[in-house]
């Protein structure tokens, strides 16, 4: 049901914790499934130099958070914003269909943290980051994720 990589990131998650002086913090929750993700980023010269997460949720939510932090570490903000939930799922070697929403939350949590960073810099994040929504809102607006 779960790939070895999913199990590895669930049992040994990377980058867990919080960054006290984070440059950006994003929190995304999905009341329906009970998963809540919080991402913290440090940014230097437009590059993510540190990223941590705290996730309250199932094993898939923890695994997607963990691998997503690894995928954006050392990347520019622009690169990090292009990380799709599909790429997160592929990096983990797949997820069961009913757990795909976890990868959407991971993608949205990163976007939320970057949006927070831009707001703290006095920059309107919406033209850069776009709309940040949880799964339920996406479905209500007809946005489909891979």
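The values are calculated or read from the model by the stated rules, or taken from the named source; none is laboratory data. What you are looking at is a predicted structure, and each value in this text was computed from that prediction instead of being measured. A quick note on method: Cβ atoms are made from the backbone with ideal geometry, for glycine too, and the neighbour counts reach across all protein chains shown.
Taken over region 23-49, the residue count meeting the criterion of being under 28 Å from residue 120 (Cα atoms) and in contact (Cβ under 8 Å) with a residue 60 or more places away in the chain is 16. Residue pairs whose Cβ atoms lie under 9 Å apart, sitting 6 or more positions apart in sequence or on different chains, and linking a residue in region 69-82 that is assigned to a helix (DSSP H, G or I) to a partner that is exposed (fewer than 14 other Cβ atoms within 10 Å of the Cβ), are 77/46; 78/46; 81/130.
Residues are listed down the side, and each one gets a yes or a no for (1) modelled with pLDDT of 90 or more; (2) loosely packed, with under 13 Cβ neighbours inside 10 Å; (3) touching a strand residue (DSSP E or B) at 6+ places or on another chain (Cβ under 9 Å):
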| site | (1), (2), (3) |
| --- | --- |
| 99 | yes, no, no |
| 109 | yes, no, yes |
| 120 | yes, no, yes |
| 132 | no, no, yes |
| 136 | no, no, yes |
| 142 | no, yes, no |
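Within region 31-53, if we keep just the residues that are surrounded by 12 or more Cβ atoms within 10 Å (Cβ to Cβ) and over 19 Å from residue 116 (Cβ atoms), the residue that is modelled with the highest pLDDT turns out to be 35. For region 10-20, the condition of being buried (at least 16 other Cβ atoms within 10 Å of the Cβ), in contact with a helix residue (DSSP H, G or I) (Cβ under 7 Å, 6 or more places away or on another chain), within 23 Å of residue 127 (Cβ to Cβ) and at pLDDT 95 or above holds for none of the residues.
Return the residue satisfying two criteria in turn: it lies in region 83-97 and is assigned to a helix (DSSP H, G or I) and touching a residue at least 40 places away in the same chain (Cβ under 8 Å), and of such residues it is surrounded by the fewest Cβ atoms within 10 Å (Cβ to Cβ). So the residue we want is 86.
The condition (being within 11 Å of the chain's Cα centre (by Cα), within 24 Å of residue 11 (Cβ to Cβ) and touching a residue at least 12 places away in the same chain (Cβ under 8 Å)) is satisfied by just one residue among 60, 65: 65.
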